[in-house]
Amino acid sequence: MVTGAAPGRQSQQAMRVLFLTPEPPHPAYSGGTIKAASILDYLRRRHEVHVLCFRRRPLTDEQSRWSTVVGQVETVPLNRGRNPLNLLRSYIWGLPLSIERNRSGLMTELVLERLRSGEYDVVFVDGWLMAQYLPRDFAGLAVLHQHNAEHVMWRRQAEREANRLLRMLTRLEYRRVRRYEAAILPRFRTVFAVSEADRQALVELGARPERLRLLPNLPPPALLERPALSFGSAEAVILYFGTLSWQPNIEGVEHFLRFVFPLVRRRAPEARFVIAGRGAPARLQRLARRTAGVDVLGSVEDAEPLFRRARVFVEASRSGGGTRLKVLNALARGLPVVASPEGAGGLEVVPGQHLLVADDPPSMAEAVARLLHDEAMWRLLSENGRALIRRRYLAEAAYRPLDEVVSGVGARA
């Protein structure tokens, strides 16, 4: 069977792909689901794809409609939280807590049943949580997409944890994650990392370099189709928009609130900090309420009004891994970014040309205040950021390694 090739592209054989992902990638509300949705859409335009995923709660009407459109989606119920019982089970089984929380006999049986049919050429595993479901005797092409070098995130978290007991527990979890991640990598013929830094971290973990490829995070291309933002029409608003249930994001926003934003207000008393995103914990909301000039919006369906209102986007995270999709989104929309070194990590950016990077509160406050007032610098970063996305972060170019691996035929323009 041959897929219809787009004009100017070489046809390629359609493969039958079993796509394993932790949750329905629709609606795409987080960096992980956005990336999964992007890969899934790309694969579906070229191959036959069957999706298996968990459902943590009943599917919404929107998700049910999405499943109908995709055509081949099966979900398995799973709801195992972070609690002492699951932590104890993880120690009994010798697994990282996240892996234990995503263990399911029903999913194991479903994957085995589908693969026994012999219908699939490729098993595409979206993230380390689903690697446990790849049968050891699968003879086809097994591909792993690592959203992050997981052990690096845990190591950074342990290094920054101030509480002695939590630091000890985090170090223990880091060692378990490192062992598990090292053990699963050899089971895949190809492993995709999202950045060169992550690729190198996986090599140092023991992965064979020839099996590692890059598959970067990408912003929605529709952001590039929107008209340029205007410095004059924007307000003195600093924007953060991201998933606030993820610990590195929580810590980054708290750090900015405590140590950076007060310094910004000394330089720009009119400045406001707008925090948008689902899942903000109570402690973050309390801190925001106690801080003058801060608005917490919660979940936002359409970020466009926020992009138009703001003059600066901030990413102050000090841990985590991979690359920050939220930063790519801001660059694609033309909203200048101030980021910590970790927040800009893994991206093909030049500080001072595509965004500003600051590694301590005074320098970050200075960079933010500059973009609130310096229209020339603002325009430079806005234009260069969008140009970078057009050049390096569109699927037709960035996902060519995916074509080469899955079909064995490089997609050539």
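Every read-out reported here was derived from the displayed coordinates using simple, explicitly stated rules and does not represent laboratory data. Since we're looking at a predicted model, the values are computed, not measured. Reconstructed Cβ throughout: ideal geometry from the backbone, glycine too, with neighbour counts over all protein chains shown.
Just subtract the alpha-carbon distance of residue 297 and residue 208 from 0.36 nm times their residue separation and send over the number in nm, one decimal. It would help to have the intermediate numbers written out before the result.
Values: separation 89, 0.36 × 89 = 32.04 nm, distance 4.47 nm.
Once the chain is fully extended between residue 297 and residue 208, it gains 27.6 nm.
When only Cα pairs under 8 Å and 6 or more residues apart are kept, what is the percent relative contact order across the chain?
Details: 716 pairs, mean separation 60.0, N = 413.
So the answer I get is 15 percent.
Given only helices, namely DSSP H runs of n ≥ 4 each adding -39500 (n - 2.57), what is the per-residue ellipticity at 222 nm of the chain, to the nearest 500 deg cm²/dmol?
Values: 18 runs with 179 residues, N = 413.
After summing the helix terms and dividing by the residues of the chain, the value is -12500 deg cm²/dmol.
Just how large is the dipole of the chain about the Cα centre, in debye to the nearest 20, putting +1 at every Lys and Arg Cβ and -1 at every Asp and Glu Cβ?
Working: 60 positive and 43 negative charges, 169 e Å.
Once rounded to the nearest 20, the dipole reads 820 debye.
From the phi angles alone, apply the Karplus equation (6.51, -1.76, 1.60; θ = phi - 60°) to segment 32-39 and give each ³J(HN,Hα) in whole Hz, x where the residue is Gly or Pro.
My calculation for segment 32-39 gives x, 6, 5, 5, 4, 5, 5, 5 Hz in order.
At a Förster distance of 41 Å, what's the computed FRET efficiency of residue 404 paired with residue 159, Cβ-Cβ distance as r, to 0.05? Please report the intermediate quantities before stating the final value.
Numbers: r = 37 Å, r/R0 = 0.89.
Efficiency computed from Cβ-Cβ geometry: 0.65.
Contour minus end-to-end for residue 86 and residue 228, with contour as 0.36 nm per residue of separation and end-to-end as the Cα-Cα distance? Please list the in-between numbers first.
Numbers: separation 142, 0.36 × 142 = 51.12 nm, distance 4.88 nm.
Here the segment from residue 86 to residue 228 would lengthen by 46.2 nm.
Treating only the Cβ of Lys, Arg, Asp and Glu as charged (+1, +1, -1, -1), what charge dipole size does segment 300-398 show about its Cα centre? Round to the nearest 20 debye. Write down the numbers at each step before the final one.
Values: 13 positive and 13 negative charges, 48 e Å.
In debye, rounded to 20, segment 300-398 gives about 240.
Mind giving me the nanometre distance, one decimal, between the label points for residue 113 and residue 376, set 7 Å out from Cα along Cα→Cβ?
6.7 nm
Starting from the Cα of residue 64, step 7 Å along the direction of its Cβ; do the same at residue 93; then give the gap between the two resulting points in nm.
3.1 nm
Please give the FRET efficiency for residue 258 paired with residue 138, using the beta carbon to beta carbon distance and R0 = 41 Å, rounded to the nearest 0.05.
Working: r = 49 Å, r/R0 = 1.19.
For R0 = 41 Å, the calculated efficiency reads 0.25.
Relative to the first principal axis of the alpha-carbon coordinates of the chain, what is the inclination of helix 84-93, with its axis defined by its Cα atoms, in degrees from 0 to 90 and to the nearest 10?
For 84-93 against the chain, the angle is about 50 degrees.
Place the peptides 337-350, 104-117 in order of packing, highest mean first, counting for every residue the other Cβ atoms within 10 Å and averaging per peptide. Can you show the working numbers first?
Working: 337-350: 21.6, 104-117: 14.2.
Ranking the peptides 337-350, 104-117 by packing returns 337-350, 104-117.
Scan around residue 217 for amide H atoms under 5 Å from its own, H built in the peptide plane at 1.01 Å from N, and keep only partners 5 or more places away or cross-chain.
none
In debye, nearest 20: dipole of segment 222-392 around its Cα centre with unit charges on the Cβ of K, R (+) and D, E (-)? Don't skip to the end; give the middle numbers.
On the way: 24 positive and 18 negative charges, 48 e Å.
Dipole magnitude for segment 222-392 comes out near 220 debye.
Which one, 142, 129, 111, projects farthest toward the positive side of the charge dipole computed for segment 96-165 from Cβ point charges (K/R +1, D/E -1)?
Sorting the options by dipole projection puts first 129.
Taking amide H positions as placed in the peptide plane 1.01 Å from N, state which residues far from residue 190 in sequence (5 or more) or on other chains have amide H under 5 Å from it.
Residues meeting the criterion, in which the H sits 1.01 Å from N, are 142, 144.
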